[in-house]
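The values are calculated or read from the model by the stated rules, or taken from the named source; none is laboratory data. From a predicted model like this one, the values you see are computed outputs, not experimental measurements. For neighbour counting, all protein chains shown are included, and Cβ atoms are generated from backbone atoms with ideal geometry for every residue, glycine included. Each accessible area value is taken on the protein alone, full model and side chains, heavy atoms only, with ligands, DNA and RNA left out. Shrake-Rupley method; radii C 1.70, N 1.55, O 1.52, S 1.80 Å.
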Amino acid sequence: MSRCYNFGAGPAMLPESVLRKAQDALWDIGTGAGILETSHRSAYFDAMMDALHAQFRRIAAIPEDYDLMFLQGGATLQFCQIPATFARPGDTIDCIHTGFWTRNAMRDAAFYAKIHYAYDGAVSNFQHIPRDDEIHYSASPAYVYYCANNSFLGTEFRRPPKTDFPLVADMSSNILSRPIDVRAHSLIFASAQKNLGIAGCCVIIIRRGFLDTCPDAPSMFNYKRLVQNRSMLNTPPTFALYIMKLMLDWIDEHGGLEAVERHNRTKAAIIREAIDDTRGFFTHVGEPESRSMMNISFHAPTPELDAKFVSQAETLNMTGLRGHRETGGLRASVFNAFPVEGCEKLAECIRRFARENA
Ligand code: PMP
């Protein structure tokens with residue numbers, strides 16, 4: 001059976017070169033043992049972690065006064081670890097609410113602080129990413145929280161919201177899809193299974209001045225101890241880190257983040273233009289300026305036609321096109337490693353389906 005084009009929202013497709021190298025590494029990384037059998041305290045792994053730190057910092061252009069961590073528990077653990085660390089009893093967290101992922105994050109943050117919705121996307125049914133003048137902060141929030149790419153619905157911030165308060169971003173579904181304005185943030189976190197490899201690891205980029213405000217806490221909740229121990233207080237997710245290193249090599253081979261962004265823009269445009277060409281048969285989700293480059297959400301005139309489209313695409317070896325379980329509709333996730341040929345194939349399917357079912 002040939003490999004399919006997987007449009008799922010993650011775990012997502014990996015580049016063939018990464019899969020082939022990982023296949024070899026399962027057997028022997030050149031030390032006589034496979035990567036899955038290699039100690040995180042070995043010279044091999046230590047050198048790999050040094051290289052991973054340096055390469056990530058260079059590719060993401062992380063300034064000197066920021067630290068980098070690779071933690072476990074996914075992005076979801078950060079939904080509680082961040083407020084547990086940076087909010088004191090009685091504090092307020094300001095949230096720019098753009099849908100499912102900010103709702104989930106604030107449900108957990110509410111255990112630690114009051115939540116103020118500086119913008120509530122419910123008024124536009126989450127079709128709109130706010131401009132700065134639509135965001136109304138409280139008097140002195142512990143920090144401002146937003147989700148840079150709202151993967152459940154397919155909306156994305158073009159640039160970070162402007163604020164003088166510490167800014168915290170969930171970049172799980174668009175990290176390293178284009179250059180990042182790290183300086184605008186006090187903390188960025190992202191789980192790995194979309195653009196950075198496989199599940200099991202969450203990257204944290206944190207401004208040192210913000211890190212310094214962490215209170216003492218048990219080991220795994222203690223960002224300072226985690227930084228001091230290079231994220232290896234306990235056994236890290238060694239294979240996920242190894243795959244992330246290969247993903248960074250792949251980004252370098254593709255010419256860095258500017259080139260990756262051009263590639264991603266091309267891919268998204270191929271699909272969006274096909275949707276436009278159906279002259280209203282398929283409809284985009286999200287206002288034009290708010291649409292995501294990573295998750296292209298759209299729908300046919302009826303849920304029955306959505307389901308028929310998903311089935312038809314599956315017969316053509318394209319999977320994962322069903323929309324998020326809460327929204328329905330259709331969603332094509334085209335993270336970094338998703339190939340342009342898959343986008344062309346989907347575009348052709350969109351045009352043909354509209355012709356045959358209009
Ligand atoms: N935030 C966003 C924007 C996501 O898309 C996801 C995963 N789909 C998460 C958080 C949760 O990540 P994890 O499953 O690694 O906890």
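Among the residues of the stretch 113-123, those identified as within 20 Å of H284 (Cα to Cα) and surrounded by fewer than 17 Cβ atoms within 10 Å (Cβ to Cβ) are A122, V123.
Every residue in the stretch 164-182 that is within 11 Å of the ligand (Cβ to nearest atom) and in a loop (DSSP other than H, G, I, E, B), please. Outline the logic, then answer.
From the stretch 164-182, those within 11 Å of the ligand (Cβ to nearest atom) are 169-175; that's our starting set.
Result: M171, S172, S173, N174, I175.
Residues in the stretch 13-30 that are open to solvent by less than 90 Å² (accessible area, probe 1.4 Å) and farther than 27 Å from S173 by Cβ: L26, D28, I29, G30.
For (1) of a type in the set (A, V, I, L, M, F, W, C); (2) closer than 23 Å to R230 by Cβ; (3) part of a loop (DSSP other than H, G, I, E, B); (4) in contact with a Cys (Cβ under 8 Å, 6 or more places away or on another chain), each residue gets a yes or a no:
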residue	(1), (2), (3), (4)
S2	no, no, yes, no
A25	yes, yes, no, no
T31	no, yes, yes, no
R41	no, yes, yes, no
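Going by the conditions given, is G10 open to solvent by 10 Å² or more (accessible area, probe 1.4 Å), assigned to a loop (DSSP other than H, G, I, E, B) and within 16 Å of the ligand (Cβ to nearest atom)?
Numbers: open to solvent by 10 Å² or more (accessible area, probe 1.4 Å): yes; assigned to a loop (DSSP other than H, G, I, E, B): yes; within 16 Å of the ligand (Cβ to nearest atom): yes.
Considered against the rule, which asks whether it is open to solvent by 10 Å² or more (accessible area, probe 1.4 Å), assigned to a loop (DSSP other than H, G, I, E, B) and within 16 Å of the ligand (Cβ to nearest atom), G10 comes out as yes.
Evaluation of C80 against the conditions (1) more than 30 Å from K345 (Cβ to Cβ); (2) away from the ligand (no atom under 15 Å from the Cβ); (3) free of Cβ contacts under 8 Å to residues at least 40 places away in the same chain shows that the sole unmet condition is (2).
Which of the residues belonging to the stretch 185-209 are away from the ligand (no atom under 16 Å from the Cβ) and open to solvent by 10 Å² or more (accessible area, probe 1.4 Å)? Show your work before the answer.
As a first pass, look at the stretch 185-209 and keep what is away from the ligand (no atom under 16 Å from the Cβ): 186, 206-209.
Hits for the stretch 185-209 are R207, R208, G209.
Taken as a whole, the structure places A105 among residues that are open to solvent by less than 10 Å² (accessible area, probe 1.4 Å) and either assigned by TED's automatic domain parsing to the domain that holds L321 or within 22 Å of the chain's Cα centre (by Cα) (or both). Selection of the stretch 307-358 for residues being exposed (fewer than 15 other Cβ atoms within 10 Å of the Cβ), in contact with a strand residue (DSSP E or B) (Cβ under 7 Å, 6 or more places away or on another chain) and not in a loop (DSSP other than H, G, I, E, B) yields only T319. Summed over the stretch 321-358, residues that are among the charged types (D, E, K, R), under 21 Å from V18 (Cβ atoms) and in contact with a helix residue (DSSP H, G or I) (Cβ under 6 Å, 6 or more places away or on another chain) total 0. Among the residues of the stretch 100-115, the ones that are closer than 21 Å to E156 by Cα, in contact with a helix residue (DSSP H, G or I) (Cβ under 9 Å, 6 or more places away or on another chain) and hydrophobic (A, V, I, L, M, F, W, C) come to 3 in all.
The residue that is surrounded by the fewest Cβ atoms within 10 Å (Cβ to Cβ), counting only those in the stretch 263-274 that are more than 18 Å from the chain's Cα centre (by Cα) and not hydroxyl-bearing (S, T, Y), is E273.
Let me confirm something: among A33, A60, A54, A75, which residue is surrounded by 12 or more Cβ atoms within 10 Å (Cβ to Cβ), free of Cβ contacts under 8 Å to residues at least 40 places away in the same chain and under 29 Å from A169 (Cα atoms)? Before you say what the answer is, go through the steps one by one.
Working: A33 fails: under 29 Å from A169 (Cα atoms); A60 fails: free of Cβ contacts under 8 Å to residues at least 40 places away in the same chain; A75 fails: free of Cβ contacts under 8 Å to residues at least 40 places away in the same chain.
Sole residue among the options that is surrounded by 12 or more Cβ atoms within 10 Å (Cβ to Cβ), free of Cβ contacts under 8 Å to residues at least 40 places away in the same chain and under 29 Å from A169 (Cα atoms): A54.
Out of the residues in the stretch 223-259 meeting the condition of being of a type in the set (A, V, I, L, M) and surrounded by fewer than 16 Cβ atoms within 10 Å (Cβ to Cβ), tell me which one is farthest from R178 (Cα to Cα). Checked the stretch 223-259; the qualifying residue farthest from R178 (Cα to Cα) is L233. Scoring P236 on the criteria (1) of a type outside the set (F, W, Y); (2) within 16 Å of the ligand (Cβ to nearest atom); (3) under 17 Å from the mean Cα position of the chain (by Cα); (4) outside any helix (DSSP H, G or I) leaves a single failure, condition (3). Specify the residue that is most open to solvent (accessible area, probe 1.4 Å); the eligible residues are those in the stretch 138-163 that are assigned to a loop (DSSP other than H, G, I, E, B) and closer than 20 Å to G209 by Cβ. Out of the qualifying residues, it is K162.
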